[in-house]
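A.B. asks: First the structure, which I've put down as structure tokens, then a few questions once you've had a look.
The values are calculated or read from the model by the stated rules, or taken from the named source; none is laboratory data. None of these values were measured; they are calculated from a predicted model. Positions of Cβ are generated from backbone atoms using ideal geometry, with glycine treated the same way; all protein chains shown enter the neighbour counts.
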Amino acid sequence: MTTMRDKLNQAAPLGLRDRVKDGLVHYGERTSDDRRPPDFLIIGTKRGGTTSLWNYLVRHPLVPRLYPAWNTKTSHYFEENWHRGERWYRSHFPTERRRAALARRHGAQPRAGEAAPLYMFHPLAAGRVHDLIPQARIIVLLRDPVERAYSHWKERRTEGTEPLGFTEALAAEPERTAGERDRLIAEPEYHSNAYDWYSYRARGRYLEHLEPWLDLFDREQLHILPSETLYGDPAGSYAGVLDFIGLPAHDLGRYEVFNDRRSAPMDPAVREELTEYYRPHNAALRERLGMSFADWSS
């Protein structure tokens, strides 16, 4: 359904849209005491289906979109926008009055959330989330890290931020990202594009990035879903996520794939090298989580 806000976003001149959005931001901050933090977070992985799952969730009548971000899936609060503060973050979520109205209309409690693929990878995000919303339900999508790395590179290449070929980009990653993780820890308000954009190989070492979340949250608060399961059975995966976050079943009918990027196949030699590289990391992940990830290459 197209809302008045959507129509304004599509039709209004850019300057007017910006002024209206700024006004909504200020209103959201002024009413932030009446807005609780989100009930759930999708924390990753990048190129693992987070955009698709988010779009499925916001088609549920009890999942409000982010406000005032309109048509985005994340505030980036726990990484890029940490300096804006909690009032700014709360401004993105529904008021108690809005929650109550949704509950009356649909006979169940709504669930608000966001999807931010950098949250799992950011060294401070788990602690920040736990301090603010220790009861949050955390959804984790994990894709075969070989395929994830290649898809990540394709996204950067398509968006014009990656001048290198895939093999060259993998080789350049250590130099490009050197010291960035330590700096993020040392300077809490620092944001690193390089750490986000060029971490093709590092992002697939899932266990080291999941450990802070596993340490801080009860295992029952984490719903870990292989991306391949989401791709192969979107309806069943969606139903499982709804149950996990406490929402009634809802049949979407059609489960479109969002943000897909097609290209030439990966070079076989690079695929083989990455497969062997991730083999011990994937084995440790399987043992730690008690999951098989049978569709992965190693």
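A.B. asks: Quick one: residue 107 ticks every box in (1) on the phi > 0 side of the Ramachandran plot; (2) modelled with pLDDT under 95 bar one, so which box is it?
C.D. replies: Only one criterion in (1) on the phi > 0 side of the Ramachandran plot; (2) modelled with pLDDT under 95 is unmet by residue 107, namely (2).
A.B. asks: Which members of the range 151-166 meet the condition of being out of contact with any helix residue (DSSP H, G or I) (no Cβ under 9 Å at 6 or more places or on another chain) and polar (S, T, N, Q)?
C.D. replies: Answer for the range 151-166, where residues must be out of contact with any helix residue (DSSP H, G or I) (no Cβ under 9 Å at 6 or more places or on another chain) and polar (S, T, N, Q): 151, 158.
A.B. asks: Can you find, within the range 236-277, the residue that is surrounded by the most Cβ atoms within 10 Å (Cβ to Cβ) among those that are of a type in the set (Phe, Trp, Tyr) and under 16 Å from the mean Cα position of the chain (by Cα)?
C.D. replies: We begin by selecting, within the range 236-277, every residue of a type in the set (Phe, Trp, Tyr); these are 238, 244, 255, 258, 277.
Those still in the list that are under 16 Å from the mean Cα position of the chain (by Cα) too: 238, 258.
Values: 238: 22, 258: 14.
Result: 238.
A.B. asks: For residue 157, only one of the following conditions fails: (1) surrounded by fewer than 23 Cβ atoms within 10 Å (Cβ to Cβ); (2) over 30 Å from residue 272 (Cβ atoms). What is its number?
C.D. replies: With (1) surrounded by fewer than 23 Cβ atoms within 10 Å (Cβ to Cβ); (2) over 30 Å from residue 272 (Cβ atoms) applied to residue 157, the lone miss is (2).
A.B. asks: For a quick check of your reading of the model, give me the residue pairs whose first member lies in the range 200-225 and is touching a residue at least 60 places away in the same chain (Cβ under 8 Å), whose second is surrounded by fewer than 19 Cβ atoms within 10 Å (Cβ to Cβ) and of a type in the set (Phe, Trp, Tyr), with beta-carbon atoms closer than 7 Å and at least 6 apart or on different chains.
C.D. replies: Between residues of the range 200-225 that are touching a residue at least 60 places away in the same chain (Cβ under 8 Å) and residues that are surrounded by fewer than 19 Cβ atoms within 10 Å (Cβ to Cβ) and of a type in the set (Phe, Trp, Tyr), the close pairs are 223/244.
A.B. asks: Could I ask something else about it? Just checking, how many residues over the range 19-30 are surrounded by fewer than 18 Cβ atoms within 10 Å (Cβ to Cβ) and either touching a strand residue (DSSP E or B) at 6+ places or on another chain (Cβ under 8 Å) or basic (Lys, Arg) (or both)?
C.D. replies: 3
A.B. asks: Which one of these does residue 233 not meet: (1) surrounded by fewer than 18 Cβ atoms within 10 Å (Cβ to Cβ); (2) under 21 Å from residue 297 (Cα atoms); (3) in contact with a helix residue (DSSP H, G or I) (Cβ under 6 Å, 6 or more places away or on another chain)?
C.D. replies: So the condition that residue 233 fails would be (3).
A.B. asks: Step by step: first the residues of the range 31-64, then only those that are among the basic types (Lys, Arg) and either touching a helix residue (DSSP H, G or I) at 6+ places or on another chain (Cβ under 9 Å) or crowded, with 23+ Cβ neighbours inside 10 Å (or both), then the one that is nearest to residue 248 (Cα to Cα). Which residue is that? Write out each step before concluding.
C.D. replies: The initial filter retains those residues of the range 31-64 that are among the basic types (Lys, Arg), namely 35-36, 46-47, 59.
Then keep just the ones that are either touching a helix residue (DSSP H, G or I) at 6+ places or on another chain (Cβ under 9 Å) or crowded, with 23+ Cβ neighbours inside 10 Å (or both); that gives 35-36, 46-47.
Details: 35: 23, 36: 21, 46: 27, 47: 27 Å.
Checked the range 31-64; the qualifying residue nearest to residue 248 (Cα to Cα) is 36.
A.B. asks: Something else about it: Can you find a residue in the range 98-116 that is of a type in the set (A, V, I, L, M), assigned to a loop (DSSP other than H, G, I, E, B), more than 19 Å from residue 203 (Cβ to Cβ) and without any contact (Cβ under 8 Å) to a residue 40 or more places away in the chain? Working first, answer last.
C.D. replies: Looking only at the range 98-116, we keep the residues that are of a type in the set (A, V, I, L, M), and these are 100-103, 108, 112, 115-116.
Subset that is assigned to a loop (DSSP other than H, G, I, E, B): 108, 112, 116.
Now drop any that are not more than 19 Å from residue 203 (Cβ to Cβ), which leaves 108, 112.
Still in the list and also without any contact (Cβ under 8 Å) to a residue 40 or more places away in the chain: none.
Looking through the range 98-116, none of the residues is of a type in the set (A, V, I, L, M), assigned to a loop (DSSP other than H, G, I, E, B), more than 19 Å from residue 203 (Cβ to Cβ) and without any contact (Cβ under 8 Å) to a residue 40 or more places away in the chain.
Conditions (1) in a strand (DSSP E or B); (2) under 19 Å from residue 194 (Cβ atoms); (3) in contact with a Phe, Trp or Tyr (Cβ under 8 Å, 6 or more places away or on another chain), marked per residue:
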site	(1), (2), (3)
118	no, yes, no
129	no, no, yes
135	no, no, no
138	yes, no, yes
149	no, yes, yes
152	no, yes, yes
155	no, yes, no
168	no, yes, no
172	no, yes, yes
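A.B. asks: So, one more: Output the qualifying pairs, or none if there are none: Cβ atoms under 7 angstrom, residues six or more apart or on different chains, first residue in the range 229-252 and more than 26 Å from residue 295 (Cα to Cα), second residue in a helix (DSSP H, G or I).
C.D. replies: Correct list of pairs: 249/239; 249/242; 250/242.
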